[in-house]
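Note sheet for the following structure.
The values are calculated or read from the model by the stated rules, or taken from the named source; none is laboratory data. Being a predicted model, the structure only gives us computed values, none of them experimental. Note that each Cβ is placed from the backbone with ideal geometry, even for glycine, and that neighbours are counted across all protein chains shown. When the accessible area is computed, the model is the full protein with side chains, heavy atoms only, and any ligands, DNA or RNA have been set aside. Shrake-Rupley method; radii C 1.70, N 1.55, O 1.52, S 1.80 Å.
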Amino acid sequence: MQPKERRETGEQDLFRSRLDQIIDLQHALVRLARAIDWRFLEEKFGAVYTDKPGHPPLPTRLMAGLAILKHMQDLSDEALCEHWVENPYYQYFCGEEFFQHRLVFDRSSLTRWRQRMGEEKLQALLQESLAVASRTEAIKPADLARVIVDTTVQPKAVMFPTDAKLLNRARERLVRLAQELGVELRQSYRRVGKLALIKHQRYAHAKQFKRANRSLRKLKTYLGRIIRDIRRKTAGNEGLRETFVRPLYLAERVLAQDRHQRGRKIYSLHAPEVECIGKGKAHKPYEFGVKVSVATPLRHSRGGQFVAHVAALPGNPYDGHTLATVIPAMQAIIGNTLDRIIADAGYRGHNASPEYQFKIYTTGQKRRITRQIKRDMRRRAAVEPVIGHLKEDHRMGRNYLAHSSGDAINAVLAAVGYNFRLLLRWLRLLLFRILIASVGTSQLRFS
């Protein structure tokens, strides 16, 4: 290699290292922190707090920043606390002026803050993400006038439910609670119950269904004996009866429900709100969680395919019957009236208000279809990769938050993390363009 070529190669390597250093994601995170209107979030979230005696609340920027970082980087609460102590950029994003060598909050504060805010207040984070995208020109306000709407399933963190597993788990929970409260049972059936569960699973796998049903009847017998024994032992003791009301109610429902039963069933004892939803997938016929509505702009904006609205829909409603609540909530977030809504065939026969009767177009529709609308209909599948990213990268693929409120909160925060991650990438691109403009394209001689 000639000296001149060696010198040019060294200059290119130096420029590459300097470029990577300047447009690093951490620097983009600093710019993102400056772009967010934290006063708007303080006004929204501050309405929940009251001026009463006790420990003062943690700063809104700290808790809101932690919620954004958690779902933007797909971190658990424990991992988020570890990263926050080690990363000065995370601390700056959350409003710290000096580097902290220990946590200034407790991990359980994240849970209590989410529960205190709820779904309605956390929608402000989604609204602010769209506002930041508009201010940084990642998206145009006109892009939000036409949207794509679709539904998906947010699975809950539960094991796959079978009758045998539920019966055995209900018995174990009752026996454990009885031991904690000092209630002496005639028999716990711990050993024979476990053996009956193992036999049922093996017989079912071998397609020996008569033997499997015999083991299933044994599990029902064990659970029924435990329920009746607890009722006898707690009779006359109101304190114990109140403690056992809910566990006994769930156990009796598990014992009484049938495989072909219509209506609500218990699929998980620690999360009885879980629903069985079938979306017609060949590899996953049934999913256990809650239905979620996701809306994204029809047009691909400069910053990417943002999420315009997301909401949990408990009760497994028909897709078309969700628009009556989804459309007003979406307009409240984007601050604009919707000009056109594209949906799949599952939204036929929708219940939207009369003013949107002729603004909603579904797959397979023949009437009122122009060439422009045909081109828009080809963009309907653009919502599918957004749903995939929400599940794989932003914690919607498995919800660990408890109760129905946790389903709604996790869905909103997943959309918030997705939008802010797109904004982070967009700000990094802007930094790159600024660097190119300042240095000049003549120095960009990459091999």
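Taking the Cα centre of each part, how many Å lie between region 95-154 and region 224-274? Measuring centre to centre over Cα atoms gives 38 Å.
In sequence order, region 254-260 has phi-based couplings of 5, 5, 8, 6, 10, 4, 9 Hz under the Karplus curve 6.51 cos²θ - 1.76 cosθ + 1.60, θ = phi - 60°, and Gly or Pro positions carry x. Percent antiparallel among DSSP beta bridges with both residues in region 289-447, to the nearest 5? Roughly 65 percent of the beta bridges in region 289-447 run antiparallel, per DSSP. Residues whose amide H lies under 5 Å from that of residue 309, counting only those 5 or more places away or on a different chain, are 295; hydrogens are built 1.01 Å from N in the peptide plane. Compared with the dominant principal axis of the Cα atoms in the chain, helix 25-35 is inclined by about 90°.
Taking one quarter of the surface of the convex hull spanned by the alpha-carbon atoms of region 328-447 gives a direction-averaged projected area of 12.8 nm². Here the contact order of the chain, divided by its residue count and restricted to Cα pairs under 8 Å and six or more residues apart, works out to 25 percent. Kirkwood radius for region 136-177, taken over all pairs of different Cα atoms as the inverse mean of 1/r, rounds to 15.3 Å.
Which of the three applies to region 229-276, rounded, prolate or oblate, going by the alpha-carbon gyration tensor with a ≥ b ≥ c and a/c under 1.5 meaning rounded? Because a/c hits 1.5 or more and a/b exceeds b/c, region 229-276 counts as prolate. Compared with the direct C-alpha span, the chain from residue 425 to residue 58 gains 129.2 nm at full extension, assuming 0.36 nm per residue. Say the cut-off is 26 Å between C-alpha atoms; which of 199/279; 70/391; 156/199; 265/291; 279/391 go over it? Pairs exceeding 26 Å: 199/279; 156/199. Beyond 17 Å, what percent of the Cα pairs of region 333-392 remain? So the pairs more than 17 Å apart make up 48 percent of the total in region 333-392.
Rolling a 1.4 Å probe across the protein heavy atoms gives region 113-211 an accessible surface of 54 Å² per residue.
Accessible surface of region 109-241, 1.4 Å probe: 47 percent of it comes from carbon and sulfur atoms.
Only residues of region 333-355 count here: report those whose backbone N is under 13 Å from the spot 7 Å along Cα→Cβ of residue 321, or say none. Taking a point 7 Å out along Cα→Cβ of residue 321, the residues of region 333-355 whose backbone N falls under 13 Å are 349-352. In terms of Cα atoms, the Rg and Dmax of region 236-373 work out to 20.8, 75 Å. Coupling constants for region 209-223 follow from the phi torsions by the Karplus curve (6.51 cos²θ - 1.76 cosθ + 1.60, θ = phi - 60°), and in residue order they are 6, 5, 5, 5, 5, 5, 5, 5, 5, 4, 4, 5, 4, 4, 5 Hz; glycine and proline get x. Given the options 299, 228, 146, which has the most mean-square fluctuation in a GNM of the chain, springs set between C-alpha atoms less than 10 angstrom apart? Most flexible of the set in this elastic network: 228. Accessible surface ranking for 89, 267, 1.4 angstrom probe, highest first: 89, 267. Could you tell me which of rounded, prolate or oblate describes region 109-207, using a ≥ b ≥ c as the square roots of the eigenvalues of the alpha-carbon gyration tensor, with rounded for a/c under 1.5 and, failing that, prolate when a/b is larger than b/c and oblate otherwise? In terms of gyration-tensor shape, oblate. Treating each Cα of region 53-182 as one equal point scatterer and applying the Debye formula with no solvent, the log10 of I(q)/I(0) at q = 0.22 Å⁻¹ comes out as -1.30.
Every helix of 4 or more DSSP H residues in the chain counts as -39500 (n - 2.57), and over all residues that averages to -18000 deg cm²/dmol at 222 nm. Using a Gaussian network model on the chain with a 10 Å cutoff between Cα atoms, which of 264, 375, 171 fluctuates the most? Of the options given, 375 has the highest mean-square fluctuation. Extending 7 Å from Cα along the Cβ direction at residue 238 and again at residue 40 yields two label points whose distance is 5.3 nm. Shape class for region 304-366, computed from the alpha carbon gyration tensor (a ≥ b ≥ c): rounded, with a/c under 1.5.
When DSSP beta bridges are restricted to pairs lying wholly in the chain, around 70% turn out antiparallel.
To the nearest ten degrees, helix 403-439 and the longest principal axis of the Cα atoms of the chain are 20 degrees apart.
I need the per residue convex hull volume for the chain, using only the alpha carbons, in cubic angstrom as a whole number.
Normalising the Cα hull of the chain by residue number yields 252 Å³.
Using the Cβ-Cβ distance between residue 221 and residue 157 with R0 set to 25 Å, the FRET efficiency from 1/(1 + (r/R0)^6) comes to roughly 0.25.
For region 148-205, what Kirkwood radius comes out of the mean inverse Cα-Cα distance, in Å?
14.0 Å
Across region 259-311, Cα-Cα pairs farther apart than 15 Å form 66% of the total. Note on the chain: with a GNM built from Cα contacts shorter than 10 Å, the maximum mean-square fluctuation among 287, 97, 180 falls on 180.
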